[in-house]
Amino acid sequence: MAWTRKLLRVNLTNGTVAEEGLNMGWANDYLGQRGLATRYLVDEIDPQCDPLGPDNKLIMATGPLTGTNASTAGRYSVICKSPLTGAVACSNSGGFIGAEMKMAGWDMVIFEGKAASPVYLHIVDGVAKLEPADDLWGKSVWEADKALHAKFQDPQTRIALVGRSAEQGCLYAAVVNDLHRAAGRSGVGTVMASKNLKAVAIRGTQGVGNIEDPKKFMETVKAGKAVLAENAVTGQGLPTYGTQVLMNVINEVGALPTRNMREVQFEGASKVSGEAMHEPRKSDGKKNLTTNGACFSCTIACGRISTIDRTHFSVKDKPEYWINSGGLEYEAAWALGPDTGVDDMDALTYANFLCNEDGMDPISFGSTVAAAMELYEIGAITDSHTGGMELKFGSAEALCWAAEKVAKGEGFGKDLGLGSKKLCEKYGHPELSMTVKGQEFPAYDPRGMQGMGLAYATSNRGACHLRGYTAASEILGIPEKTDPLHTEGKPGLVKAFQDATAAVDSSGLCVFTTFAWTLDDIAPQVDAACEGDWSPDRMLEVGERIWNMERDFNMKAGIAASEDTLPKRLLSESANSGPAKDRVCDLDKMLPEYYAARGWSSDGSITSETRQKFNLPG
Amino acid sequence: MKITLKLYATLSDLLPAGAVANASSIEIDEAATLNHIIDRYRVPRELAHLVLINGVFVCDTDRDQPGALVEGDVLAIWPPVAGG
Ligand code: SF4
C-alpha cells in the first residue's frame, strides 16, 4: 500500500475541508505525486481555465514512498495549470514538508476556489483547519514562517508558503517550504497566492505505516542506500560540491548559456563555480559554503548552506543577511551569474537568498533579468523605465537591485515579474525571450547539447532540464556517454529520460538518485512498499502514460505542437566558441523521429491508438 | 611544449602549486599520452572520468595514444560528477 488512501479537499471559497478516499484505480495507473495529482487535475479543471482564476486548482501531492525511510523519500509536488505557460505545472520540492504531510495521514491536498481574504491551512494529523492570515499577508516567506512557528511553538511543524513576489503577481513565484526548499518552477506560487492562500502548515505524528511487505522493503531500501553510498557521484561528488560542480564542466564543453544565451562560454565561470564556493574569502577567510545539507531521509545531501561576505555591498548594512542559509545550486547560479554576465559570487548568493526569502524561481528570475539587460543594451529599456538603474550585463548592483524589486513587486520589478516572454513582448522584441512555451531555459545550451534542445522543445512544462536530463548522458556519461553534438539516437534517449523521470517524480523519491540508480533499483522499493507488482517495465509504462496525459492536457489548453520549438537564436545563430562553434541546434533533425517514437502523428498530435494504449482520460 | 592542465572537484588538490582557477600551465613531451599526464599528476585513473581536450571528450580507450595533444591545448579532468 504505502498510500494513506486519503486526500484532503479544501474549498477555499466556502472555507470547508473534507476527507476523501484516494482513487486507487488511478493510483495503479499513475502511482502518486506528479502522475496521480495530474490525473486529478485533468479530471477536475477545464484546460482552458484562467490559471489565476478560482476555477484553477492547486494540488500538493506526495508519492507512495514519501515519508518512508527510503533514501531521498521526502519529495512532494505542487500541481496546477501554470500562469507562466498556460500548460500543466508540476514543481517538485524536497525538504521536510512532503514527509510531514504523509505522516499526518494524507496523500495529497486539493485546493479549489478562492478565499475571500488571506488564509492559511493548518493540519495536525487528521485535523485540518483554515485560519485567517491577514496578518501574514505582505510578509516575506521568512517573516511569515517565523510568525507561524512562534504561534505554534512547535519546531517540528513544517510550513510551505508564498512570498511577497507571489502576492504581487510575479508569474514565476514559487511555493517555498522549510525556508529554502521550493516547488520552484512555472509559477505554482502565483497560483497559490491568487487563491489568497498564504501558507500550509503541517504536523504529522503518525509515521508511515501500510507498507505492503515491510521486511522486503527494508532489504530493498538498504540495498538502494548501499548503491548510493558506493557510487562516486551520489556518495562523494554531490555531497562535496553539490550540483554546482557543473559550472566549470558545462563551460568547458561550450554549453554554458551566457548573456541571455548570446554566447556559450562565460569568462567568469570559475569565479561562481562549486570549486570557488570552497575557496576562503579574502575579507574574512571564510568560505561561501558553510556545509552541505540533506532533505528528509536523504543519504546524498547535495544541498548547499552558504554565507555572504559581510563586507559585500549587498549586505554590509543588512545584518539580517549575515546568516547561514540556502546557497547556490547550479541552475540558480547559472541564471543569476553567466546568463546575466555577473561573476560576483556574493551578489549571486544574495540574489539567491532573496529568491528564497520571497519565493521567486531563480532560473526564471535570472533569465528574465538577462533578457532585460539585452533589451537595455539595445535601448528598448531605458533608465526612465528602471528609474535610473543601469541594467547592464555584468552589473552585480543591477542584479541585486532587480532581486529586491521583484521580491516586493515594486517599480520595474513588476515588469521583471512578468517573465522573459511577456517582458520581451511588452518592450517590442519577442525574439529576445529565451523561453519555450513561455518558460525560461535552464543552464544548458542546446547548440552544445543537441539532446537537451529536443528535451526543452518537447517538455510538457516549457523549457526545463528536469523533464528529460539528457545532459547526464551527453556530458556526464550516465548511464552511458553519448556525443553532445550528435543528433543521432537523441529522440530515443530523450523519450527514455522523460518517461523514467515521470515515474521517479511520481514515487516520492528525488530524481538525483538516478545518477546512481536505475529503475532496477527503484522499482523493487516501490514494489515492496505498494500493493500489486511494480516492475521496472511497469514504472516506465506509468511514466509514458503520464507524459501522454500531460501532453493531452496541454493540447486541450490550446498549446499547439508548433510550440515544440526553440527560440530563433538557438536554431539560427551559431555558437561562437568552444566545441560547438558554428553549430546551431538541429531540432528539425530530431523532432519527427521523436514524434514517431512517442506513437504520435507527424503533426505531433496523440493518435487514437496511443490514447487507447494508455487509456488516456477524456 | 606547453599545455594547460585543469583538474577539478576532488582532483583540484593534485594541481601543481600556484594554479589559478583550477588551471596550471605545464610542460609536456610531444609524444606524451593522456595517461602519462594523468599518472604524472597522480590522478587515479579510475577517477579520471571526464577527460576533455579543448572541451571534447576523450574516452578511456583512446588515452594511450601518443601525440594526442598539441601546443596550447587545454586538458581538463573531472572525477565522476553530476548535478542538475
Ligand atoms: S539529493 Fe539533494 S535535492 Fe535530492 S533529496 Fe537529497 S539533498 Fe534533497
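Quick one: is B:ASP60 acidic (Asp, Glu) and open to solvent by 70 Å² or more (accessible area, probe 1.4 Å)? So B:ASP60 fits the description; yes.
Number of residues in region A:324-340 that are surrounded by fewer than 24 Cβ atoms within 10 Å (Cβ to Cβ) and touching a helix residue (DSSP H, G or I) at 6+ places or on another chain (Cβ under 8 Å): the value is 2. Just one of the listed residues (A:THR482, A:THR513) is open to solvent by 10 Å² or more (accessible area, probe 1.4 Å) and polar (S, T, N, Q), and it is A:THR482. One residue stands out in region B:38-72 among those that are farther than 18 Å from B:THR10 by Cβ and of a type in the set (Val, Ile, Thr): the one that is nearest to the chain's Cα centre (by Cα), namely B:ILE53.
Scoring A:GLY207 on the criteria (1) under 20 Å from A:GLY94 (Cα atoms); (2) in contact with a strand residue (DSSP E or B) (Cβ under 9 Å, 6 or more places away or on another chain) leaves a single failure, condition (2).
What's the total number of residues in region A:364-379 that are of a type in the set (Val, Ile, Thr) and either in contact with a strand residue (DSSP E or B) (Cβ under 6 Å, 6 or more places away or on another chain) or open to solvent by 10 Å² or more (accessible area, probe 1.4 Å) (or both)?
Residues meeting the conditions: 1.
Of A:LYS405, A:LYS422, all but one fail to be open to solvent by 20 Å² or more (accessible area, probe 1.4 Å), basic (Lys, Arg), part of a helix (DSSP H, G or I) and touching a residue at least 40 places away in the same chain (Cβ under 8 Å); the exception is A:LYS422. Considered as a group, the residues in region A:596-618 that are open to solvent by 30 Å² or more (accessible area, probe 1.4 Å) and hydrophobic (A, V, I, L, M, F, W, C) include one that is farthest from A:PRO491 (Cα to Cα), and that residue is A:ALA596.
Taking the criterion of being open to solvent by 20 Å² or more (accessible area, probe 1.4 Å) and either under 16 Å from B:ALA68 (Cα atoms) or away from chain A (no Cβ under 14 Å) (or both), the residues of region B:7-32 that qualify are B:PRO16, B:ALA17, B:GLY18, B:SER25, B:GLU27, B:ASP29, B:GLU30, B:ALA31. Pairing each residue of region A:149-169 that is in contact (Cβ under 8 Å) with a residue 40 or more places away in the chain with any residue that is among the basic types (Lys, Arg) and surrounded by 24 or more Cβ atoms within 10 Å (Cβ to Cβ), provided the two are 6+ apart or on different chains, yields C-beta distances under 7 Å for A:LEU161/A:LYS198; A:VAL162/A:LYS198.
Here region A:291-323 is the region considered, the condition is being within 16 Å of the ligand (Cβ to nearest atom) and under 27 Å from A:ALA398 (Cβ atoms), and the residue that is farthest from the chain's Cα centre (by Cα) is A:SER306. With respect to the stated conditions, A:ALA301 is under 30 Å from A:THR513 (Cα atoms), in contact with a Gly (Cβ under 8 Å, 6 or more places away or on another chain) and either modelled with pLDDT under 95 or open to solvent by 10 Å² or more (accessible area, probe 1.4 Å) (or both). Taken together, the criteria exclude A:ASN28 from residues that are under 30 Å from A:GLY532 (Cβ atoms), of a type outside the set (Ser, Thr, Tyr), open to solvent by 20 Å² or more (accessible area, probe 1.4 Å) and within 16 Å of the ligand (Cβ to nearest atom). Taking the criterion of being part of a helix (DSSP H, G or I) and either aliphatic (A, V, I, L, M) or at positive phi (or both), the residues of region A:22-37 that qualify are A:MET24, A:ALA27, A:GLN33, A:LEU36, A:ALA37. A Cβ distance below 7 Å, combined with a sequence gap of six or more or placement on separate chains, defines the contacts here; from region A:476-504, residues that are within 14 Å of another protein chain (Cβ to nearest Cβ) reach residues that are of a type in the set (Lys, Arg) in the pairs A:LEU485/A:ARG583; A:THR501/A:ARG467.
The one condition from (1) among the small types (Gly, Ala, Ser); (2) out of contact with any Lys or Arg (no Cβ under 6 Å at 6 or more places or on another chain); (3) within 16 Å of the ligand (Cβ to nearest atom) that A:GLY327 does not meet is (2).
Restricting attention to region A:277-288, the residues that are surrounded by fewer than 23 Cβ atoms within 10 Å (Cβ to Cβ) and within 16 Å of the ligand (Cβ to nearest atom) add up to 0. Residues in region A:304-316 that are among the hydroxyl-bearing types (Ser, Thr, Tyr) and open to solvent by 20 Å² or more (accessible area, probe 1.4 Å) were compared, and the one that is nearest to A:VAL233 (Cα to Cα) is A:THR307. Of all the listed residues (B:VAL74, B:VAL70, B:VAL58, B:VAL81), the sole one being farther than 30 Å from A:TRP517 by Cβ, aliphatic (A, V, I, L, M) and within 11 Å of another protein chain (Cβ to nearest Cβ) is B:VAL74. Checking each residue of region A:506-515 against the condition of being closer than 26 Å to A:LEU36 by Cβ, more than 14 Å from every other protein chain (Cβ to nearest Cβ) and among the β-branched types (Val, Ile, Thr) gives no match.
Suppose we keep only residues that are surrounded by 24 or more Cβ atoms within 10 Å (Cβ to Cβ) and of a type in the set (S, T, N, Q) within region A:460-475. Which one would you say is farthest from the other protein chains (Cβ to nearest Cβ)? Top of the filtered list is A:ASN460.
Going by the structure shown, is A:GLY274 away from the ligand (no atom under 16 Å from the Cβ), at pLDDT 95 or above and open to solvent by less than 20 Å² (accessible area, probe 1.4 Å)? No; evaluated as a whole, the condition is false for this residue. Would you confirm whether or not region A:481-504 contains a residue that is over 23 Å from A:LYS581 (Cβ atoms), assigned to a loop (DSSP other than H, G, I, E, B) and modelled with pLDDT of 95 or more? Checked against the condition, which is being over 23 Å from A:LYS581 (Cβ atoms), assigned to a loop (DSSP other than H, G, I, E, B) and modelled with pLDDT of 95 or more, region A:481-504 yields no hits at all. When the test is whether a residue is within 14 Å of another protein chain (Cβ to nearest Cβ) and of a type in the set (S, T, N, Q), B:ASN35 does not pass it.
The values are calculated or read from the model by the stated rules, or taken from the named source; none is laboratory data. Keep in mind that what you see is a predicted model, and the values were worked out from it rather than measured. Heads up, the Cβs are rebuilt from the backbone with ideal geometry, glycines too, and the neighbour counts pull from every protein chain shown. Just so you know, the surface numbers come from the protein's heavy atoms only, side chains and all, with ligands and any DNA or RNA stripped out. Shrake-Rupley method; radii C 1.70, N 1.55, O 1.52, S 1.80 Å.
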